[in-house]
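Below is one structure, written out as structure tokens, with a few remarks after it.
The values are calculated or read from the model by the stated rules, or taken from the named source; none is laboratory data. This is a predicted model, so every value here is computed, not measured. Backbone-built Cβ (ideal geometry, glycine too); neighbour counts: all protein chains shown. Areas reflect the complete protein model, heavy atoms only, side chains present, ligands, DNA and RNA absent. Shrake-Rupley method; radii C 1.70, N 1.55, O 1.52, S 1.80 Å.
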Amino acid sequence: MSLTFHWFLPTNGDSRHVVGGGHGTPVTAAGGDRPPAVRYLAQIARAAEDVGFTGVLTPTGAWCEDAWLTTAMVSQHTERLKFLVAFRPGFVSPTLAAQMAATYQRQTGGRLLLNVVTGGESQEQRAYGDFLDKDARYARTGEFLEIVRRLWDGRTVDLDGDHLRVEQARLTRLPDPVPEVYFGGSSPAAGQVAARHADVYLTWGEPPAQVAEKIAWIRKLAAEQGRTLRFGIRLHVITRDTSEAAWAEADRLLAGFDPETVRSVQEGLRRSESEGQRRMLELHGGGRDGLEIHPNLWAGIGLVRGGAGTALVGSHAEVAERIREYQALGIDEFVLSGYPHLEEAYWFGEGVLPRLAEAGLWTHPAGPAGPAPATEIPFAGGAR
């Protein structure tokens, strides 16, 4: 089976430096270098579509533009690309969300994927009027997905749960196809929801041994529910023609991290309720030393950014080899990003994907007639 690759739409802004934000931390000043206008985001989306990404992840939260509205607009500038829309189930009714997804499928030709984000930070949740604690939020997410799944099956739903209640809920028009549900989380409560409702379980980019443990954990929980899931991983990427050039770029990014910004961001992230965020913090400990935590796996991004904090760094061949290492564990899908997102989409798409294609691990989603790789990487600057 061909591996699946998704890129990222930086709806919090883009830059040649790392743009922070997420899990209670503010967007860093670099987010203003390239504001998240539809015109620029469409450039990234078209580049991702051309080089062979299947879809693009769009985040959710107070620190970025709304994912539903933004991707609906950007979708009109692309033809094949799917949109992995992150949303929080506590902020909208399940019946309305199911209806929105059905409308999205009709208006885009079936290009919606859903990344369900329960919400790890109570402070941010309360700003939106959600006062449940973390475990209760996961319980509500389970009820939410139960309702949505039944509605997408064409059933009339009556459910009186601990957190949600609907009567005679029904969709007049069903989504075609039914959107796949992507879900992540490292806590016991998250694992139970993933096992019952997810199509794809996502993990942040931990070292392979830790990822293998997560996969085994979720597989066991899913098997108890009589289900099987696919697995994906969320990583940044810095790939160049040589390993030296890639690590020089990582060093350039690291040199741009203001010590006070690092201190402030790390202080905020240590207050996070997210188990996944805690695991990210443990990878670097807030310091600048020992950031290569596994061959070609760099934890530097997490010094100034919440959420996904690790990057694959190396030559195209080295990055391809690390992808094969994760694939051997059971990872089928890779959700990637890099700064700036326009240029890095080309570096990866024209440097790594052809190597994976030669190894028989990937085929262009558009098929043999898909766009041919360009001979040069536009905008990348410097030596190839």
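When only residues in the range 128-148 that are hydroxyl-bearing (Ser, Thr, Tyr) and open to solvent by 20 Å² or more (accessible area, probe 1.4 Å) count, which is nearest to Gly184 (Cα to Cα)?
Tyr138
Return yes when Ser2 is of a type in the set (Ser, Thr, Tyr) and outside any loop (DSSP other than H, G, I, E, B) and no when it is not.
When the stated conditions are applied, Ser2 does not pass them.
Being open to solvent by less than 10 Å² (accessible area, probe 1.4 Å) and of a type in the set (Gly, Ala, Ser) is the filter here; which residues of the range 323-359 pass it?
Ser337, Gly338, Ala345, Gly349, Gly351
Looking at the range 214-328, what strands (runs of 3 or more DSSP E) fall wholly within it and have at least 3 residues that are modelled with pLDDT of 95 or more and of a type outside the set (A, V, I, L, M)?
230-240
Answer yes if at least one residue in the range 120-127 is hydroxyl-bearing (Ser, Thr, Tyr), within 26 Å of the chain's Cα centre (by Cα) and surrounded by fewer than 20 Cβ atoms within 10 Å (Cβ to Cβ), and no otherwise.
Checked the range 120-127: at least one residue is hydroxyl-bearing (Ser, Thr, Tyr), within 26 Å of the chain's Cα centre (by Cα) and surrounded by fewer than 20 Cβ atoms within 10 Å (Cβ to Cβ).
Can you tell me which residue among Thr156, Thr203 is surrounded by fewer than 19 Cβ atoms within 10 Å (Cβ to Cβ) and among the β-branched types (Val, Ile, Thr)?
Thr156
Of everything in the range 12-26, what is buried (at least 20 other Cβ atoms within 10 Å of the Cβ), out of contact with any strand residue (DSSP E or B) (no Cβ under 7 Å at 6 or more places or on another chain) and in a loop (DSSP other than H, G, I, E, B)? Give them in sequence order.
Asn12, Val18, Val19, Gly20, Gly21, His23, Gly24
Give the range 64-88 a look and list any residue that's open to solvent by less than 50 Å² (accessible area, probe 1.4 Å) and either farther than 26 Å from Ile147 by Cα or over 17 Å from the mean Cα position of the chain (by Cα) (or both), or say none.
Result: Cys64, Ala72, Val74, Ser75, Thr78, Leu81.
Pick from Arg34, Arg39: which is basic (Lys, Arg), surrounded by fewer than 23 Cβ atoms within 10 Å (Cβ to Cβ) and within 24 Å of Gly256 (Cβ to Cβ)?
Arg34
Given the criterion within 27 Å of Gln125 (Cα to Cα), open to solvent by 50 Å² or more (accessible area, probe 1.4 Å) and over 22 Å from the mean Cα position of the chain (by Cα), identify the matching residue among Arg278, Arg288, Arg263.
On inspection, the qualifying residue turns out to be Arg263.
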